[in-house]
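The values are calculated or read from the model by the stated rules, or taken from the named source; none is laboratory data. As the structure is a computational prediction, the values presented were derived from the model and not from experiment. Please note: Cβ atoms are built from the backbone with ideal geometry, for glycine as well, and neighbour counts cover all protein chains shown. Ligands, DNA and RNA are stripped out before the accessible areas are found, and what is left, the full protein with its side chains, is counted by its heavy atoms. Shrake-Rupley method; radii C 1.70, N 1.55, O 1.52, S 1.80 Å.
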Amino acid sequence: MIALLLKKPWVSAVLLICSFFLILSLFSTSSPFSGVPSSSFFSDRPEIWSLKRVVEWRPCRWWLQESPSPLPAQTNGFIRVDCYGGLNQMRRDFCDGVGIARLLNATLVLPKFEVAAYWNESSGFGDVFDVDYFIEQMSGYVQVVKELPPAVASKEPFRVDCSKRKGQFDYVESVLPSLLEHQYISITPAMSQRRDRYPLYAKAAHCQACYKALRLTKYLEKKGSELLQAIPKPFLSLHLRFEPDMVAYSQCQYSGLSATSMAAIEAARGDRKPLTGEVAQIWRNRGKCPLTPNETALVLQALSISTDTNIYLAAGDGLMELEGFTSVYTNVVTKSSLLSDRDFNSLHGNTKAALDYYVSINSDYYIATFFGNMDKMVAAMRAVDGVYKSLFLSRRAFATLTSKGIRGEKLMDELWKTHRDDFVMSRGYALSDCFCEFQL
C-alpha cells in the first residue's frame, strides 16, 4: 500500500516538503542569524532614511548668531594643550583646551600632538589642520599664537595634568593659580567635564574651535575630495570597529571567530581577561561589546538598507572578520582600494583618520557601530551642515534581544523598531553643549 502511495506525484511532493522543514529544524542553532529571512521579506519595512524626524539637534543660537564677548586687554599667561591618543581623541581634548584657555583668560599656544608608535603616528597639529585658518576663525574668541615671546619660549611649560580629574573639577580654582605663577603651562584636559558651569563666552570658544575653526590642510582636503569623487553615489559611510585591541579592551568573548582572529585578540588582551558567566552577559546587555561585521550586516538588513548599497568603509588597520560583512554587502570600498599605493603608504595614523572623517561628514548617510570620538564628531559636524541621515547602531538592543532567544524575522522587526525610534527622535547622539534640541 505504501509503495503504491509513493508512486503518486502529489504524495512525493508532500514528503519532500516535510523533509525540508525537518532538516531545517534539526540543523537550526541558537545563533542570531538562524531563521533570518531573505531580504525579499523586508519589502513592508521602509528604509530607515525615508522616515521623517521629529527631533533634530542644531547649533545653538547663542553660539552662531551672537558676536563673541570682547577679550580682556591683559592675558593671564600662555597655555599649551598636550593631546594623546588617536586623532579624534586629540581633537576632543584640544577643543576642551580652547574653552579652558578662554575661561582662564589665557593665550593659546598651538597644541602638542603625541608622537605615538602604537598609532603609527608622527604627524603634528599642522600636518593635519590648517593653522592659519584656525587662528583666523578664532579671532575674537581666544588669543592664539604660533610662537611664544622669546622670554617665555626659552623655558619648558609647567605641567598641569588634569586628565584623571572628573565631576566637579574646577579649572579656575585648580589651574589658574599655576598659570598666574608660571605664566606658561601645559595641560591635558579632564576626561569628564562640567561645561554647563562655564560662562557662555568660554562655551562659545569651545564650540567655535571644534566645529568651525578646525579645517584639514589643503593637501588632506584635496585627497579627501579625490576619495569622494571616486566613490559611487549615493553612498553610505560605515565606521566599523572590530579590531583586536578594541575587542580585547572590551573584555567580551565571541564564538565563531576564525582562529586568526582569536589569536590576534588573545595577543592584545594582556592583563584584561575576558569576563565570564553572569557578569559577562550583564556587561554585554549594557551594550559594551562591539558588533562583529556579521552582526553589523544583519542589523543593516533589519533597517532595510539594500545589500547593493554603495558603502565606504571608514575603518582602521587590522579590522577582523570583514568577510562576514562583505559577503552580504558587496559594494564596499576603502581608502586603500581607492588611493594609489604611493598616496596610501604616505599616510600615517592621524592622516588616515582625517580622510575617513572628511569622507564621513560629506557622505549621503553615516552609520557607526560604536560610539567613539570620531562618531560624535562626525554626527556633530553633519548637524552643523544640516545633514541628519546619521545613525548609531544599538549594541545594547542587539545583545538584549538575542540574549532572550529572539531570532529570525522577530529579531529583525525588533531591531527595526529600536533604530526607528532612535532615528526619529535623534536619540543617542550625546551632542555637546554647542547644540540645542529642536522639535520639528
Quick check: pseudo-label points 7 Å beyond the Cα along Cα→Cβ at E323 and K233, how many nm apart are they? 3.5 nm
Reachable aspartates and glutamates from K389, Cα under 18 Å, same-chain residues fewer than 8 places away excluded? E47, E56, D356, D364, D375, D421, D422, E437
Along the Cα→Cβ direction, 7 angstrom out, place labels at S225 and Y133. What is the inter-label distance in nm? 1.0 nm
I need the phi-derived Karplus couplings for the range 148-154: 6.51 cos²θ - 1.76 cosθ + 1.60, θ = phi - 60°, integer Hz, Gly and Pro marked x. 7, x, x, 5, 8, 5, 6
For helix 9-27, report the angle its Cα long axis makes with the longest principal axis of the Cα atoms of the chain; keep it between 0 and 90° and round to the nearest 10°. 40 degrees
1/(1 + (r/R0)^6) with r = Cβ-Cβ of A267 and K389, R0 = 35 Å, i.e. FRET efficiency to nearest 0.05, evaluates to 0.40
FRET efficiency for N331 and L200, using Cβ-Cβ distance with R0 set to 45 Å, rounded to 0.05: 0.45
How much mean residue ellipticity at 222 nm does the chain get from its helices, if each DSSP H run of length 4 or more adds -39500 (n - 2.57) and you divide by all residues, to the nearest 500 deg cm²/dmol? -12500 deg cm²/dmol
Can you list the residues, at least 5 places off or on another chain, whose amide H is less than 5 Å from the amide H of N310, using H built in the peptide plane? L236
When the Karplus curve 6.51 cos²θ - 1.76 cosθ + 1.60 is applied with θ = phi - 60°, which whole-Hz ³J(HN,Hα) does each residue of the range 201-208 get, with x for Gly and Pro? 5, 6, 4, 4, 5, 4, 5, 4
Quote the FRET efficiency, to the nearest 0.05, computed for W62 versus V172 with a Förster distance R0 of 25 Å and r equal to the Cβ-Cβ distance. 0.75
Taking the solvent-accessible surface of protein heavy atoms with a 1.4 Å probe, what is the per residue accessible area of the chain in Å²? 49 Å²
Shape of the range 321-431 from its Cα gyration tensor (a ≥ b ≥ c, root eigenvalues): rounded if a/c is under 1.5, otherwise prolate when a/b > b/c, or oblate? oblate
Can you give the angle from 0 to 90° between the axis of helix 373-384 and the longest principal axis of the chain, with both taken from C-alpha atoms, to the nearest 10? 80 degrees
Mind checking the angle between helix 349-361 and the chain's longest principal axis? C-alpha axes, 0 to 90 degrees, to the nearest 10. 70 degrees
Ranked from highest to lowest mean number of other Cβ atoms within 10 Å per residue, what is the order of the peptides 129-137, 106-114? 106-114, 129-137
Under 5 Å between amide H atoms, partner at least 5 residues away or on a different chain: which partners does T107 have, H built in plane at 1.01 Å? N76, G77, F78, I79
In whole percent, the fraction of accessible protein surface over the chain that belongs to carbon or sulfur atoms, probe radius 1.4 Å, stands at 54 percent
Across K52/K222; K222/K417; K112/K376; K52/K212; K146/K233, pairs whose alpha-carbon gap is larger than 32 Å: K52/K222; K222/K417; K146/K233
From the phi angles alone, apply the Karplus equation (6.51, -1.76, 1.60; θ = phi - 60°) to the range 339-346 and give each ³J(HN,Hα) in whole Hz, x where the residue is Gly or Pro. 8, 5, 4, 5, 5, 5, 5, 7
Stretch S340-F438 to full length: gain in nm at 0.36 nm per residue minus the Cα-Cα span? 30.9 nm
